[in-house]
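What follows is a single structure, written as structure tokens, with notes after it.
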Amino acid sequence: MSELVKLTFDGEIAVITVDNPPVNALSPGVPEGIKSALEEIIVADNIKGAVLIGGGTTFIAGADIREFGKIRNQTRESGSPILPLILFLEDSPKPIVAAIHGTAFGGGLEIAQGAHFRVANEKSLLGQPEVKLGLIPGAGGTQRLPRLVGTAKAVEMCAFGEPISAKDALENGLVDKIVEGDLLAEATKFIRQVIQANKPLRKTRESRDKLGDEATNAAIFETAKATAKKIRRGLNAPLKAIDAVEAATKLSFEEGVQFENKLFVECLQSVESKALIHVFFGEREVAKIPDVPKDTPVLPIEEAAVIGAGTMGGGIAMNFANAGIPVVLKETTQEALTRGMATIEKNYASSVKKGRMTEDQMQKRLSLITPTLVYDEFADADVVVEAAFENMALKREIFGALDKICKPSAILASNTSTLSIDEIAAATSRPEMVIGHHFFSPANVMRLLEIVRGEKTSKEVVATSMKLAKRLKKLGVPVGNCRGFVGNRMVEPYGREAQFLVEEGATVEQVDRALNNFGMAMGLFAMSDLAGVDVGWRVREEYKHLEIAGRRYPIIADKIYELGRYGQKTKAGWYDYDENRKPAPNAEIAQMLKDTATNAGIRQREISDEEIIERTIYALVNEGAKILEDGIALRSVDIDLIYINGFGFPVWRGGPMFYADTIGLEKVYQKVKELHEAHGDWWKPSGLLKKLAETGESFSDFDRRKLQTATAESAAN
């Protein structure tokens with residue numbers, strides 16, 4: 001018997017307890033332990049039935065994702081390693097009930113489907129979330145689930161991966177009973193009743209009652225595929241999950257399992273799955289800051305304040321209210337304040353209309369936001385976030401005022417997207433309390449929060465900010481202080497190359513279309529219009545004095561600003577916009593591009609989509625490598641998370657640095673060298689990129705080395 005699985009007895013009922021904390025993952029030893037317990041139960045004359053239950057706070061949360069790399073080369077022929085266990089469980093001559101609490105996900109739910117009966121407590125969640133890792137259920141889940149819940153529900157669960165409640169599971173036939181009180185006691189009682197009633201043992205794989213007819217199913221599959229292509233754009237796993245469920249309706253169980261295994265192996269070997277697993281582990285790694293231990297004290301955050309009620313400030317205030325934190329929202333004029341509060345109320349009303357919250361919830365959140373025109377209300381704030389215009393003089397003035405008004409323990413945070421946190425902090429007498437909280441627009445929607453650490457920012461303030469990010473349901477990524485930090489430092493060369501490309505002959509819509517086809521949530525010019533052409537202009541003005549004589553800089557963006565075309569907010573930017581914010585090309589902009597190029601002596605030519613992707617995406621990669629060299633990002637995966645969550649980089653490509661790994665850094669480096677020769681010093685290759693390419697290593701290897709070094713240094717200290 002494995003130490004991870006315990007076998008105990010309650011009279012004639014055996015209890016198999018999976019005890020692999022924290023989530024009872026199906027790590028090596030767990031499936032073997034369950035099978036060993038079943039073998040003992042089956043031959044024991046005095047045992048009439050069994051309960052399969054998870055120890056601690058959950059049932060079986062699924063496979064141990066750390067093992068996926070090991071099984072990539074083992075699964076092709078044999079199928080999922082837990083498939084034989086589920087068949088053995090299902091064939092048990094003695095009744096088995098799965099007792100579900102917490103979560104039954106992935107392989108855990110597949111095991112539960114092999115039991116003859118299932119009971120759950122009311123707070124349980126059940127799901128097949130494999131698609132979120134670029135996979136499909138691989139142990140018969142796509143074949144058994146439709147036999148239990150019907151085709152439509154099985155497609156929904158397998159293709160989109162969202163869990164369902166115990167109540168939903170009961171209504172759809174996935175569980176037989178919701179129990180109250182002690183789960184083990186109730187499950188034991190349930191199995192005794194099954195034995196006393198001599199109920200037949202149901203083998204899920206033998207049932208076909210809920211598989212539906214071909215005509216009805218055809219409509220279900222067609223609709224599901226259309227939805228998957230729309231809301232899971234670029235992802236293959238959802239479509240393969242639908243194909244696998246469809247196979248359950250047309251093939252025998254044995255043939256369906258073989259088909260499922262084929263698709264599962266294809267997914268497991270795919271770049272998509274490797275990328276999504278990279279992101280999964282990255283999100284757990286990102287909170288680890290080598291010199292900020294887990295036990296670093298954090299400051300209490302009970303009240304907040306935000307300066308600026310514009311698009312960013314209003315969104316930031318909503319984040320605090322959504323988290324139940326009272327927030328004071330300051331503006332300089334009553335008109336701006338009224339407009340900001342009206343926008344917030346409009347956003348909440350839209351959520352009510354869409355059924356995402358109730359009217360009562362909206363009113364409660366609005367009541368947590370206090371509008372003001374004066375700093376007096378800031379005295380009790382535990383954290384202040386400044387969201388004023390991107391101007392250093394203005395920000396220093398604000399922080400000088402905050403230094404006099406706010407209590408000594410208050411965190412003073414700037415939402416600046418490019419400016420130096422150290423220079424802002426120098427306007428105060430407490431630079432250790434100053435940090436960057438760089439939200440991404442729209443702040444109430446976007447998940448990313450760059451936590452920008454200044455030279456003197458205290459560890460306690462960093463730790464508190466990371467904890468606050470989680471409380472605000474944001475992904476906090478720690479970054480260092482430099483112009484643009486990580487996200488906007490990298491977007492500068494990305495945007496520069498896009499603008500050079502349109503000056504050289506590509507059209508605005510061609511560049512955006514190529515990036516969109518690559519998988520970006522939106523093209524560079526559409527993104528500029530969303531963020532505001534005027535915002536980019538202000539940033540350029542702030543750094544104009546740093547421009548190097550003789551170096552080529554983009555020309556056209558300033559001309560668009562001078563025309564008053566600020567983007568979606570003015571219904572005109574790189575594109576024209578209708579009342580629904582739908583973009584349309586503008587002929588005057590296209591002509592202005594040609595005239596500008598001619599006047600600047602730039603020869604226009606045909607430009608391929610391939611060149612667009614190489615010049616924009618490789619610009620990201622090369623700058624990302626420089627950021628790693630400079631220590632502004634701790635890990636390459638941190639950069640990937642920033643670009644996926646802040647800039648719409650396709651998650652199925654794993655982020656720009658992981659994407660470069662999949663291409664091969666030697667190939668990327670050679671192309672960067674070519675671009676350096678063709679386009680000058682903007683393209684000087686990163687030293688780190690050169691080193692990794694020449695040694696045959698990857699950015700992931702770089703991350704592993706850094707982790708090993710940090711671990712060794714931590715142990716030494």
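Computed from the coordinates by the stated procedures, all read-outs in this text should not be read as laboratory data. Since the model is a prediction, treat every value here as computed from it, not as a measurement. Cβ coordinates were reconstructed from backbone atoms using ideal geometry, including for glycine residues, and neighbour counts include every protein chain displayed.
Relative contact order, whole percent, for the chain stands at 9, derived from Cα pairs under 8 Å and 6 or more residues apart.
Packing here is the average count of other Cβ atoms within 10 Å per residue, and on that basis the peptides 349-355, 394-400, highest first, run 394-400, 349-355. Its Cα gyration tensor gives region 1-157 an equivalent ellipsoid. The semi-axes, each the square root of 5 times an eigenvalue, are 24, 18, 15 Å from largest down. Once you've got the Cα coordinates, tell me which of Lys203/Lys262; Lys199/Lys225; Lys346/Lys582; Lys132/Lys569; Lys288/Lys690 are over 31 Å apart. Pairs exceeding the cut-off: Lys199/Lys225; Lys132/Lys569. Stokes-Einstein diffusion for region 487-707, with the hydrodynamic radius set to the Kirkwood value over Cα pairs and evaluated at 20 °C in a medium of 1.002 mPa s, equals 119 µm²/s. When the chain is described by a simple charge dipole with +1 on each Lys and Arg Cβ and -1 on each Asp and Glu Cβ, the residue from Val621, Ala305, Thr695 located farthest towards its positive end is Ala305.
Per residue of the chain, the DSSP helices (runs of n ≥ 4 H) give a summed -39500 (n - 2.57) that works out to -16000 deg cm²/dmol at 222 nm. The loop-placed GluC sites (Glu not before Pro) in region 98-181, going by DSSP, that have at most 15 neighbouring Cβ atoms within 10 Å of their Cβ come out as Glu122, Glu180. Simple point charges give the picture: +1 on the Cβ of Lys and Arg, -1 on the Cβ of Asp and Glu, and for region 161-223 a dipole about the Cα centre of about 500 debye.
Only one of (i) 89, 60, 58; (ii) 89, 61, 53; (iii) 143, 67, 52 was calculated from the structure for Cα extents along the principal axes in Å, and its label is (i). Along the axis of the charge dipole computed for region 5-269 (Cβ charges of +1 for Lys and Arg, -1 for Asp and Glu, origin at the Cα centre), the listed residues Phe59, Ala244, Thr17 are led at the positive end by Ala244. Annotation: amide H of Ser414 within the under-5 Å range of Glu386, Ile435, Gly436, His437, sequence separation 5 or more or interchain, hydrogens built in the peptide plane. Expressed in Å, the radius of gyration and Dmax of the Cα atoms of region 304-479 are 15.2, 47.
Please report the antiparallel percentage of DSSP beta bridges with both residues in the chain, rounded to the nearest 5. Here the antiparallel bridges make up roughly 30 percent for the chain.
Round to the nearest 0.05 the FRET efficiency obtained for Lys6 and Lys353 when R0 = 56 Å and r is the Cβ-Cβ distance. The calculated FRET efficiency here is 0.65. Each peptide in 363-374, 421-432 receives the mean, over its residues, of other Cβ atoms within 10 Å, and ordering these scores from highest gives 421-432, 363-374. Loop-located trypsin sites (Lys or Arg not before Pro) across region 555-611 with a Cβ neighbour count of 13 or fewer within 10 Å are Arg581, Arg603, Arg605, with loop assigned by DSSP.
Look at the dipole of the chain built from charges on Cβ: of Pro554, Ala185, Phe281, the Cα furthest out on the positive end belongs to Ala185. Alpha carbon centre of region 425-497 versus region 646-717: separation in Å? Each part's Cα centre sits 22 Å from the other's.
At an R0 of 22 angstrom, the distance between the Cβ atoms of Ile195 and Asp19 translates into a FRET efficiency of 0.30. Short-range pairs are left out: with C-alpha atoms under 8 Å and at least six residues apart, the relative contact order of region 625-717 is 30 percent.
Among beta bridges identified by DSSP and lying wholly in region 5-269, the antiparallel ones come to about 30 percent.
Take the Cβ atoms of Ile555 and Lys582, set R0 to 41 Å, and the FRET efficiency comes out at 0.90. Convex hull over the Cα atoms of region 121-272, averaged projected area in nm²? Average projection, Cα convex hull of region 121-272: 9.8 nm². Annotation note: trypsin sites (Lys or Arg not before Pro) in region 115-184 located in DSSP loop regions with a Cβ neighbour count of at most 16 within 10 Å are Lys123.
Evaluated with a Cβ-only charge set (Lys, Arg +1; Asp, Glu -1), the chain carries a dipole of roughly 440 debye about its Cα centre, given to the nearest 20. Extension gain, Ala600 to Ile548, is 17.0 nm, computed as 0.36 nm per intervening residue step minus the present C-alpha separation.
Only Lys, Arg, Asp and Glu carry charge here, each on its Cβ (+1 for the first two, -1 for the last two); on that basis region 304-479 has a dipole of about 760 debye about its Cα centre. For region 527-649, the Cα-based Rg and Dmax, in that order, read 16.9, 45 Å.
The tail of the calculated P(r) for region 412-486 beyond 19 Å holds 27 percent of all Cα-Cα pairs.
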